[in-house]
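See structure below.
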Amino acid sequence: MPPIPNVLSVAPKRILVVDDEPSVAQTMRLILKIDRHEVEVAEDGATALAMFEAGRHDLVITDFKMSNMDGLELARAIRVLCPGQPIILVTAYLEALQSNQATLSDINTLLGKPFSTGALRAAVAALFPPVKP
């Protein structure tokens with residue numbers, strides 16, 4: 001098992017968390033806030049897209065299965081607005097999505113549910129250079 005990244009290994013980022021399950025969204029928010037990140041939460045893709053258009057985010061973490069706009073549709077819409085935007089897709093359908101790499105071209109990282117605190121931290125840390133001591 002890889003070591004859990006130090007919570008201070010990534011400089012604070014502005015992160016948009018999107019999940020239609022309030023408990024999952026709030027859990028991610030709390031973990032990320034402990035790691036000193038500024039976190040906004042949206043409960044669906046349409047709301048998240050409006051929040052993304054209104055403000056600058058260093059990272060978007062979105063659930064895959066949501067009503068009105070799934071996580072891949074949200075990722076595609078965000079990539080139109082900001083082609084280099086880092087995006088993590090969180091899903092309980094990990095194996096099904098991994099088998100179709102073409103559908104994953106608009107995301108940086110695929111994170112399977114359920115995930116550990118360490119896995120979330122590692123996914124975030126992998127997208128940004130470490131803070132120099």
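With all protein chains in place and ligands, DNA and RNA left out, the 1.4 Å accessible area ranks 52, 115 as 115, 52, largest first. Tell me, in nm to one decimal, what length is gained between residue 119 and residue 30 on full extension, where the rule is 0.36 nm per residue of separation less the Cα-Cα distance? My answer for the length gained is 30.6 nm. A Förster radius of 35 Å combined with the Cβ-Cβ distance from residue 56 to residue 93 puts the calculated FRET efficiency at roughly 0.70. Rolling a 1.4 Å probe over the protein chains gives residue 21 an accessible area of about 90 Å².
Stretching residue 21 away from residue 68 to a fully extended chain increases their span by 15.5 nm, per 0.36 nm per residue minus the current alpha-carbon distance. Expressed in Å, the radius of gyration and Dmax of the Cα atoms of segment 13-63 are 9.9, 27.
Computed with a 1.4 Å probe over protein heavy atoms only, the accessible area of residue 37 comes to about 10 Å².
The values are calculated or read from the model by the stated rules, or taken from the named source; none is laboratory data. Quantities reported herein were computed from a predicted structural model and do not represent experimental measurements. Quick reminder, even Gly has a Cβ in these numbers, built from the backbone with ideal geometry, and neighbours come from all protein chains shown. Ligands, DNA and RNA are excluded from the accessible area calculation, which covers all protein heavy atoms including side chains. Shrake-Rupley method; radii C 1.70, N 1.55, O 1.52, S 1.80 Å.
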